[in-house]
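Only one structure is covered here, and it is reproduced in the block below.
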Amino acid sequence: MPIFDFLKGQFIDVIAWTDDTRDTMVWRFERYGNEIKYGAKLTVREGQAAVFVYEGQLADVFGPGLYELETNNMPIMTSLQSWSYGFQSPFKAEVYFVSTTRFTDQKWGTKNPITTRDPEFGPVRLRAFGTYAMRVTDPGLFIKEIVGTDGEFTTDEVNNQIRNIVVQEVSRVLAGSKIPVLDMAANTQDLGKLVAEAIKPTITAYGLSIPEFYIENISLPEEVERVLDKRTSMGIVGDLNKFTQFSAAEALGAAAANPNGTMGAGLGMGMGFGMAGGAGPWGSAPQAPQTHAAPPPPPPPAAETQWHIALNGQTQGPFGPRDLERMAREGTFSRETHVWTAGQDGWKRAAEVPGLATVFAQVPPPPPPAG
């Protein structure tokens, strides 16, 4: 075997990357002088791509596989270096390995509250946070637009930019959704799809994609949540008079169970005097007739249902039943008008809502067609 063939075989390079991290997106193959032997072996594993850069210009991109670097499988490099047929000298090029796997559990969140108008509470401030997954779909474009000459590029270096894009679109979607705050938890999936579609063009221009996007929570400020908790508690309590009587009875029972306490002693003495005052020399005296306490007042009437109506593509309201009756008599509200109230599944024609039947009780239906 000729000595030249022997030496050439001894100096064939093996170019490969074994990634043992979870956040490295791009890694530059370190080669002294960036000199690569003609016919070097290139190994690109599943979930990787290899990008060749020659003198700052993007050259060939290789997907998963085993390659022997020659002129026939490096068309762009051959053109840039003006290689002639059968060229077998070493060449200089930078090799970047790009991970094309999914990078999951990337965090996002709103730094500042989002101000929106709620149909029930009025202006409110919201915060939101969640996660997303990203992956490189165009390795060459990603190197060109984002990485540059960075020898080791991680997810942290691109997450800040993506988070800014996400938060901007989340703010726009939430502010324009017109979904009541109390119903947003049931619509996070649909809102997440709207955000993912909105950021797709910008992310694609970076050579990336967002295959998964989740809104995990939408919350009110703490002070508003405390007021809402009080409102919820009042709804659970129901009749405040009965609740006050029940609390007082519990407090008396607890005091009587503690005979060593001052209140327990006083309560016991009061009960003793009451029993002694009812007894005479001939035994127990007849008890005086007890007067019954006045019954508690009835609970307040239930709040009227508030309705929103759609007119000429705009939402108006809320209106109570009396408002709708007046509007029906004036002709500005009809059975064909679309209405919505909290808890209703989407917009419906007024004629399809049983709760609005009384609104049209005094309004005649449309006259039959002429002839």
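Tabulated results
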{"read-out": "Members of segment 27-79 found to be in a loop (DSSP other than H, G, I, E, B), of a type outside the set (Gly, Ala, Ser) and over 19 Å from ILE143 (Cβ atoms), listed by number", "value": "LYS37, TYR38, GLU46, GLU70"}
{"read-out": "Subset of segment 311-347 (residues that are closer than 19 Å to ASP183 by Cα, surrounded by fewer than 17 Cβ atoms within 10 Å (Cβ to Cβ) and hydrophobic (A, V, I, L, M, F, W, C))", "value": "ALA342, TRP347"}
{"read-out": "Residue ranges of strands (runs of 3 or more DSSP E) in segment 91-130 with at least 3 members under 20 Å from ARG172 (Cβ atoms) and touching an Asp or Glu at 6+ places or on another chain (Cβ under 6 Å)", "value": "none"}
{"read-out": "Tally of residues being under 30 Å from THR24 (Cα atoms) and of a type in the set (Val, Ile, Thr) across segment 106-126", "value": "1"}
{"read-out": "Members of segment 178-200 found to be out of contact with any helix residue (DSSP H, G or I) (no Cβ under 6 Å at 6 or more places or on another chain), farther than 18 Å from ALA133 by Cβ and free of Cβ contacts under 8 Å to residues at least 60 places away in the same chain, listed by number", "value": "MET184, ALA185, ALA186, ASN187, ASP190"}
{"read-out": "Some residue of segment 20-33 being at pLDDT below 85 and surrounded by 15 or more Cβ atoms within 10 Å (Cβ to Cβ)", "value": "yes"}
{"read-out": "Residues that are more than 27 Å from ARG117 (Cβ to Cβ), at pLDDT below 85, in contact with an Asp or Glu (Cβ under 9 Å, 6 or more places away or on another chain) and not β-branched (Val, Ile, Thr), drawn from segment 313-365", "value": "PHE360, ALA361, GLN362"}
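The values are calculated or read from the model by the stated rules, or taken from the named source; none is laboratory data. Please read all numbers here as calculations on a predicted model, not as lab measurements. With ideal geometry, Cβ positions are generated from the backbone for all residues, glycine too; neighbour counts draw on all protein chains shown.
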